[in-house]
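Heads up: the structure comes next, in structure tokens.
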Amino acid sequence: MRPPGWHLVRLSESLGLTLRERNSMLLRAGYAPAYAESPPESAAVGPAMEALRSILAGHLPYPAVVAGPRGELALANAAFEVLTEGAAAHLLAPPVNVLRLALHPEGMAPRVANLAAWGRHITESLRTRATAHRDPELDALIGELTGYLPPAPPPGPDHLGFAVPLRLHTAEGEVRLLTTLTSFATAVDVTLAELHLEAFHPADAPTATLLHRRATVTPAAPA
């Protein structure tokens, strides 16, 4: 026997709606939500959160974070401190927003050598998501982040041909980092579906050497 509202679930799947949007559609039609939204510390999502912690630890000595759809920090590994170095205390007070930390003039921005190009990469990715999934809070965040950026230059040597690296000044020298995003593609819990893991990878050998040396000389505590 088909559960109540199954036709709306199928429709929402065809429309590519997020799990949160699917639940909202069901509620507006008078049905109960089809997808749970479990707290990150709950037993329901415990194995998945532990898997994320394992991935974060395994990515060391390179930084990696787990964040929500609007940049809300959920987890980070010990190397996250290379990104927070010198940031103002108010940007590091919970709840931390990694997108605001990245582009705020009191966050990473003064240390980013290619802020215009790298920052536009972030805001354009957010705009693409906002176009597909209406979210007034995300729209407001995009407006805030865009206001922190200088005019975008034309593509140049900051592009590697396939990606825009983050060129970040540290106490030991500049690092060049590429990022990858990972998510739970088959999640049926709203909390897990909205999380993504962003892993930073060295774009060149000097960066890898610097981060390995930094980890052995000044080990950091997990964020």
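Taking the criterion of being assigned to a helix (DSSP H, G or I), at pLDDT 95 or above and surrounded by 18 or more Cβ atoms within 10 Å (Cβ to Cβ), the only residue of the stretch 174-208 that qualifies is Thr207. Leu138 fulfils the conditions (1) under 15 Å from the mean Cα position of the chain (by Cα); (2) among the aliphatic types (A, V, I, L, M); (3) crowded, with 19+ Cβ neighbours inside 10 Å except for a single criterion, (3). Screening the stretch 209-220 for residues that are surrounded by 16 or more Cβ atoms within 10 Å (Cβ to Cβ) and at pLDDT 90 or above and picking the one that is nearest to the chain's Cα centre (by Cα) gives Leu211. The residue list Ala79, Ala48, Ala89 contains one member that is of a type in the set (A, V, I, L, M, F, W, C) and out of contact with any Phe, Trp or Tyr (no Cβ under 7 Å at 6 or more places or on another chain), which is Ala89. What do you reckon, is Thr131 among the β-branched types (Val, Ile, Thr) and loosely packed, with under 14 Cβ neighbours inside 10 Å? Judged against the criteria, Thr131 is a match.
The values are calculated or read from the model by the stated rules, or taken from the named source; none is laboratory data. Since this is a predicted model, take the numbers as computed values, not measurements. Don't worry about glycine lacking a Cβ; one is built from the backbone with ideal geometry, like all the others, and counts go over all protein chains shown.
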